[in-house]
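Below is one structure; the comments refer to it alone.
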Amino acid sequence: MDAEKSSSSSFEDLSNLNEQERAELASSVLEPTQAKEQREPAEEQKPDNEVKTTVESESECMDILGNGTLLKKVLKKGRSELRPESKDLVTISYTGRLDDGTVVEEQQNVVVQIDDVEVVQGLDMALKLMNEGEVAEVVVNPRFAYGELGLKDPTEQDPVIRTVPPNSTITYTVELVSMQEESDIDARTYTSRKEIGNKKRLRGNYWMKRQEYNLAIQSYRRALEYLDDTVSAGGMMESGAAGSVELSNKELQDLLEDRMKVYNNLALAQLKISAHEAALKSVDHVLKCQPNNAKALYRKGKILDAKGDTAGAITLLQKAATIDVDDKLIQSELSKLILKSKREARNERDLYQKMLGQAQKLEQKTKPAPATQNNESSKIMMWGYLVGTILIGVVGVAIFRYNNP
């Protein structure tokens, strides 16, 4: 796995947005707040029966998945009927508690992207069922929270101590402060796309560490939507106060390096779920641009070995070992493959000898039959000659006596 490390928290905010995007998000938060203040006097004049009906509807609990593993209860009704859709950016504030009331997560006005699993999976699913301005209680089963691994405190050196113990149910109180659609990727600046792409790459690394390979693949693919499109633009221009300027070679090289990291990690995640053909395509993206990338050569070797091509895997690992002579992992894997190759060759030789021995035995069993047949034919021929000779003698005697009465 890559040396790059991701945060061990369950969220990563979009603090890397540029100033223009921050202003847009701020305005999207302020406008709903002002609208709410304008409606408050009208809400105070609602009849008692309407208020009661609202309270009763807010107390209902929704079983989102139908099996009790993800529950949502409205605590405060939203200010509109609008709900976020996939890829929308939402600003949320939330607090997560264990069953004993211990607070394990708390964030204010953090920006996440729907369906990009930038918070725990259960909370990500629940956000799409919330209205803008709504406050809800979301009860998340361990399967959609931190599972059997729990969550380790990144500041704690003791590997046993966990912020979230294994198999813990977490109850979130979450407010959907505001929401907005994802802007066109092509309209984003170079800096913004690079930062967001790397943020999603790090999120993929986070899921890899937790062995959630499908979620890692999802994060890596989203990262490529930003990094690949940026690089493929070739003559892309960076917007600034002085107008548009062409990207420097260093900036383009940095983007290429980021993209290679994503493809390398994507190949590993795909290998983990035995998606060998997809993994080959991903690693070939790296080797096409960087044919001497030792990590890519190593991973392609692992893929070929998984597909049964031991000889091809050894060739690639030998090349990787000459490029990175200090990588113990490559050396170890190469040694294993060489031993495996010798064992396979020995097994093939033994199998061939066994098959050859069986063929020789079969030939020996069938060989006497033609010999017996030949002996019987010789005896018949001998008796034929003998009978013929006797008949000739008898006929000769008869003729002699006939001629000499």
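Quick rundown of the values:
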{"item": "Solvent-accessible area per residue for segment 59-182 (1.4 angstrom probe, square angstrom)", "result": "46"}
{"item": "Carbon plus sulfur fraction of accessible area for segment 59-182, probe 1.4 Å, in percent", "result": "47"}
{"item": "Pairs beyond 27 Å (Cα-Cα), from Lys281/Lys342; Lys307/Lys342; Lys328/Lys354", "result": "Lys281/Lys342; Lys328/Lys354"}
{"item": "Relative packing of peptides 295-307, 314-326, 108-120, 336-348 - highest average C-beta neighbours within 10 Å first", "result": "295-307, 108-120, 314-326, 336-348"}
{"item": "Three-way shape call for segment 59-182 based on the alpha-carbon gyration tensor, with the a/c threshold at 1.5", "result": "prolate"}
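The values are calculated or read from the model by the stated rules, or taken from the named source; none is laboratory data. The model shown is predicted, which means the values in this text are computed figures rather than measured ones. Methodologically, a virtual Cβ is constructed for each residue, glycine included, from the backbone with ideal geometry; neighbour enumeration extends over all protein chains shown. Heads up: the accessible areas ignore ligands, DNA and RNA and are worked out on the full protein's heavy atoms, side chains in. Shrake-Rupley method; radii C 1.70, N 1.55, O 1.52, S 1.80 Å.
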